[in-house]
Amino acid sequence: MSLPRNALVLFSGGQDSTTCLAHALEQYARVETIAFDYGQRHRIELDARLEVLRQFRAQFPHWAERLGEDHLLAVPVLGEISETSLTRDIAMEMQEQGLPNSFVPGRNLLFLTLAAALAYRRGLDVLVTGVCETDFSGYPDCRDDTIKAMQIALSLGMDRRILIDTPLMWIDKADTWRLAERLGGSALVGLIVEHTHTCYLGERGALHAWGYGCGDCPACQLRARGWHQYQSPGATPPGG
């Protein structure tokens, strides 16, 4: 454990950011959380994340003492300038340049900049984010090179050393489930299944083995495939 530093977790309330929150609570002395309301179709995640935070405090008292203030920033301008399937009622599909239309240009860059500004004011020197280059949709703002460049730019622009911690960068979804189990045991895995939200369509009607969701959007398919591989190592996942 490396407790002296203080962290701000970019926390959407999904599987990845919830795992990152557990990681941060194991690593850092004080941990706060931040989320963004940008007009996303799956805005239900903003409600789910509050329940996840409540469950963390109730189920993990050894973490609760280090879990500090939660912050929600409204950035509607991002939704206003984005023509994507996450901010408009349009079908999800691949675009000509090879990226899915769920890619919101500039989203992670803006989130990290705003998070760094808040961290500066709150005396936090680590940003923790669940971006991943191993098991993702090809989003360029999730790549390791992008995050390293942002870390340099933010540190220079704030005149303060800022670390961007990306615990999921080089692992896939099955390993994300395994990491959650290592950090919080079956209790954390169960919390993620029951309370987190990942589905791009905001569907929370049906509870699957891997959690709530439509089961068809890219986020659900990725989460379900990772769950299957986590539960049955070496097996070929559905659709794989």
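What follows is calculated from the coordinates using simple rules that are stated; it is not laboratory data. Source: prediction; values computed, not measured. Cβ sites come from the backbone with ideal geometry, for glycine too, and all protein chains shown count toward neighbours.
Counting charges near G123 (Lys, Arg +1; Asp, Glu -1) among other residues having Cβ under 15 Å from its Cβ returns a value of +3.
Convert 37 °C to kelvin, take the viscosity as 0.692 mPa s, use the Kirkwood radius over C-alpha pairs of the range 120-240 as Rh, and evaluate the Stokes-Einstein diffusion coefficient in µm²/s, rounded to a whole number. Write out the running numbers ahead of the final one.
Working: Rh = 16.0 Å.
Taking Rh from Cα pairs, D becomes 205 µm²/s.
Please sort by residue number the chymotrypsin sites (Phe, Trp or Tyr not before Pro) in the range 147-240 whose DSSP state is loop and whose Cβ has at most 16 other Cβ atoms within 10 Å. Hits after loop and neighbour filter: W170.
Each of the peptides 139-149, 107-117 was scored by the mean count of other Cβ atoms within 10 Å over its residues; in descending order, highest first, they stand as 107-117, 139-149.
Counting other C-beta atoms within 10 Å, which of L10, L73, L53 has the fewest, and how do the rest follow? Let's see the in-between values first.
Values: L10 23, L73 15, L53 19.
Ordered by Cβ neighbours within 10 Å, fewest first: L73, L53, L10.
Compute the signed sum of charges (Lys and Arg +1, Asp and Glu -1) over the other residues within less than 12 Å, Cβ to Cβ, of W210. Show your work: numbers first, answer last.
Values: positive: K173, R223, R225; negative: E194.
Computed value for this residue: +2.
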